[in-house]
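Here, each number is a calculation from the coordinates, and none is a lab measurement. All of these numbers come straight from a predicted model, not from anything done at the bench. Positions of Cβ are backbone-derived with ideal geometry, glycine not excepted, and every protein chain shown enters the neighbour counts.
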């Protein structure tokens, strides 16, 4: 904004004097004051003025002599990581977390960049090869973030009590066998470092940050990229090894921060342009005081690479990536289905009217959008279509236009008609048994968005800024998952089978329909977080809203404590004549209490919860005279409020109790041959309980 002429001189003089005092630490001289004042014509020129002072030789010399601290130029690192204009945000959740950072000085730079509602502690750890884990009560934290020391890994087999070892050995090896042997030694040491945290992960989530991979192939531009003599590839392979080691530990996660640095440009952020690769940290003026007696004074590294603000942007982004990762693990309010329009949404323009060639209709952002939808589906999400068009003509046009890029079978539901989109979306949500708050509707027409939002205020939407739709789908916390189970990967086929079952249900009596499904059910008892079915059971427990008898969300530490105290999960598996639905229900048992029961929306109405309820009651009554249970109203779980009452339990307010075993539905075949249990006694009971 231009300044009024009368105010321009005063405004310019004020800012020039501020720059002299705050950056150079002295009053302005007359010549300098006049020269800088003449350069200021508007407020927009103030950042340029301040940056010129920060980059001045006088300021650099002052910093080198310790006369004045380095100054950060004006830079909005909080928004630098985002597009200048964005589509609607899909993430409304905040996370109040207490986090412990473990690592050397490199990780300490993140502390001040976490959201204000997070409490962050930092313990210097890893400065020695033989560092033991700090004695701290991990149960006070929601997560521990670990930054392992690359220097120590590259110094494998060096003297144990010193940081001076073999971290430069990679540059001295030549043969393939030598390099492979060295890498194997580094990997072995890395595996042992990761294994230190196996016991910690039973108490708290542990996030391992990747090593910073060198900025380039230091062997030379033309040297083979995928060769262990290339240090960038060498460290990348170590990161792969770290990821594999971490994946073997429950409640531990590997977080790649190289993609953040790659996004901003490593040369202005990472320190291996000056320091050795094992330091693996961020640009800074390390040891500048030791270089004061050089014959020629060099430009500070921070000035050489204009690194101060970009580094802080990376610190901010890494800190928020950590918080986003914790949100993804927690899965408080995930998006489970994306419902998309077609015209000017899945493709460019109106396909029925425009004379646009097919390649033009898809080239560019539409293919990027479609790819993002397929990635969401690969994560276990569902896709559906709600479009105002003629159905048969649109299906023909869809297949002709898109070919093998995406098929109609990728969508669990197609509502292509001229009904209000709110009505179509209501039918889609009913078919898939998903709440509006867990759905995302994407449409280029704001009037359609308003019409749907009027009926479903909780539904999330994207409409404006279509160039940002892809990024929102790919990077939103609400659309991501921490892992993909086999049930998640097959979710579309499972829901399509559900819709087909319900269609047949409408065409016959309820009893005949249930009998025709050929339902087969078996159960597995879980008493360890290491059990191969545990992750899917844990996912179902923390993602289910509608049939969830208490609405409670669990963390891994709480489940581990439950198991240690003798509690267990009963998990139910189901298949029918059309498909295997996998793990579809979980009951949590402690002593004579049924603490919680959850059931996948994919099997509502089949009675599988009653077959599982019979088994759970039998297990408890074997050792206790009475079974107790509770229903807590979460505001979302009306579906299960009558569950225990329907099994014959007596009720007192929200508490239920029973001393008799309920019946299981006769149309469900209970396959005891597949029942699994850790304890032989319970396994025997499982085989004989039906």
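Please work out the FRET efficiency for the pair residue 634 and residue 426, using the Cβ-Cβ distance as r and a Förster radius of 30 Å; give the result to the nearest 0.05.
With R0 = 30 Å, the Cβ-Cβ based efficiency is 0.85.
Does segment 591-654 classify as rounded, prolate or oblate by the C-alpha gyration tensor (a ≥ b ≥ c root eigenvalues; a/c under 1.5 gives rounded; else a/b over b/c gives prolate, otherwise oblate)?
oblate
If each of residue 593 and residue 657 carries a label point 7 Å out from its Cα toward its Cβ, how far apart are those two points in nm?
Result for the modelled spin labels: 1.4 nm.
Roughly speaking, what is the stretch gain from residue 26 to residue 672, that is 0.36 nm per residue apart minus the C-alpha to C-alpha distance, in nm to one decimal?
224.1 nm
Assuming a ≥ b ≥ c are the square roots of the Cα gyration tensor eigenvalues, decide whether segment 553-647 counts as rounded (a/c under 1.5), prolate (otherwise, with a/b larger than b/c) or oblate.
Here segment 553-647 falls in the rounded category.
Mind sorting 390, 192 by how few other Cβ atoms lie within 10 Å of their own Cβ, fewest first?
By the 10 Å Cβ count, ascending, the order reads 192, 390.
If R₀ is 30 angstrom, what is the calculated FRET efficiency for the pair residue 127 and residue 184, using the beta carbon separation as r and rounding to 0.05?
Working from the Cβ atoms, E equals 0.75.
At 222 nm, what helix-only mean residue ellipticity would the chain give, in deg cm²/dmol to the nearest 500, using -39500 (n - 2.57) for each DSSP H run of four or more?
Details: 25 runs with 255 residues, N = 690.
Rounded to the nearest 500, it is -11000 deg cm²/dmol.
In segment 628-669, which residues have a backbone nitrogen under 17 Å from the label point lying 7 Å from residue 458's Cα in the Cα-to-Cβ direction?
Those under the cut-off are 632-641.
Expressed as an acute angle from 0 to 90° and rounded to the nearest 10, what is the orientation of the C-alpha long axis of helix 391-402 relative to the principal long axis of the chain?
Computed tilt is about 40 degrees.
Any number yet on Rg/Rh for segment 509-688, C-alpha, Kirkwood?
Details: Rg = 15.3 Å, Rh = 16.4 Å.
Over the Cα atoms of segment 509-688, Rg/Rh equals 0.93.
What is the Cα centroid distance between segment 133-151 and segment 364-427, reported in whole angstrom?
Centre-to-centre (Cα) distance: 45 Å.
Compute the angle between helix 446-455 and the longest alpha-carbon principal axis of the chain, please, reported from 0 to 90 degrees and rounded to the nearest 10.
Once rounded, the angle reads 50 degrees.
Only bridges whose two residues both fall in the chain count here: according to DSSP, what percent of them are antiparallel, nearest 5?
Of those bridges, close to 45 percent are antiparallel.
Give me the one-decimal nm value for the distance between modelled label points at residue 227 and residue 248, 7 Å along each residue's Cα-to-Cβ direction.
About 3.1 nm, to one decimal.
For the pair residue 555/residue 174, report the inter-label distance in nm, with labels modelled 7 Å from Cα in the Cβ direction.
Output for this residue pair reads 5.4 nm.
Any chance you could give the angle, 0 to 90 degrees and rounded to 10, that helix 308-330 forms with the longest Cα principal axis of the chain?
10
Would segment 154-264 count as rounded, prolate or oblate if I go by the C-alpha gyration tensor, calling it rounded below 1.5 in a/c and otherwise prolate when a/b exceeds b/c, oblate otherwise?
Since a/c reaches 1.5 but b/c is at least a/b, the shape of segment 154-264 is classed as oblate.
Quick check: residue separation of residue 624 and residue 503 times 0.36 nm, minus the Cα distance between them. What number comes out in nm?
39.2 nm
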